[in-house]
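Below: one structure, written as structure tokens.
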Amino acid sequence: MSDELIQIETPFAFNEENQREFDELIGRYPIKEAAMLPTLHLAQNQTGYITPAVMKYVAEQLEVSVMKVKDVVTFYPMFFEEPVGDYVIRVCHTLPCALRDCKVVLEHLKEKLGTDIASETNLAKGTTADGKFTLMKVECLASCDVAPVIMVNGDLHKNLTPEKVDELLAKLAS
Ligand code: FES
């Protein structure tokens, strides 16, 4: 895909606060391209997901091709190319968590949220109608000793039970 072929619908630019943060972070890297991941995080925090306009903007800021940005966005599961909920709930389903009933936690979340599980190609499937939560299954979150675990945005929650899930959802909803 060439840069020209990417359809740009709504232009994107960092807001004032993120521009300041970007200016600060870019100074920490020997070359602009090395700041790709934090720059994409900054952009995704501003827009909720990575649109073609965001990719074009990031490519311009880092002086790389849009295709290079697209490759990174596609490779890392923490970047989204379509809208997700305010809270993205990642449920680990790798063996150590599976052995400690992550399935019970997942089923409980599905029932409480009234949604299915998002897939890589269909995030809407796992997103609640009010746009508040997106439910996903992920591989090991590197905290097997406190399984089963889930991650909500950047925060890890350990030793999950349906009761703990209820407490967490009540907190997030308030
Ligand atoms: S298997 Fe779930 S955190 Fe490692």
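Each value in this text was obtained by applying a stated rule to the coordinates, not by laboratory testing. All values reported here derive from a predicted model rather than from experimental measurement. Quick reminder, even Gly has a Cβ in these numbers, built from the backbone with ideal geometry, and neighbours come from all protein chains shown.
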Return one number: the angle in degrees, 0 to 90 and rounded to the nearest 10, between the long axis of the Cα atoms of helix 16-26 and the longest principal axis of the Cα atoms of the chain.
80
Could you tell me which of the pairs Lys137/Lys158; Lys112/Lys137; Lys32/Lys137; Lys70/Lys103 are separated by over 22 angstrom between their Cα atoms in the structure shown?
Lys32/Lys137; Lys70/Lys103
Tell me which of Val88, Pro77, Leu168 sits at the most positive position along the dipole axis of the chain, charges placed on C-beta atoms (Lys, Arg +1; Asp, Glu -1).
Leu168
Semi-axis lengths, Å, the chain, gyration tensor of Cα atoms, sqrt of 5 times eigenvalues:
33, 17, 15
Suppose a student asked you for the relative contact order of segment 3-75, using Cα pairs under 8 Å spaced at least 6 residues apart; what percent would you report?
37
Shape call, segment 3-75: gyration tensor on alpha carbons, a/c limit 1.5:
oblate
Which shape class applies to segment 117-157: rounded if a/c is under 1.5, otherwise prolate when a/b exceeds b/c and oblate if not, where a ≥ b ≥ c are the square roots of the Cα gyration tensor eigenvalues?
prolate
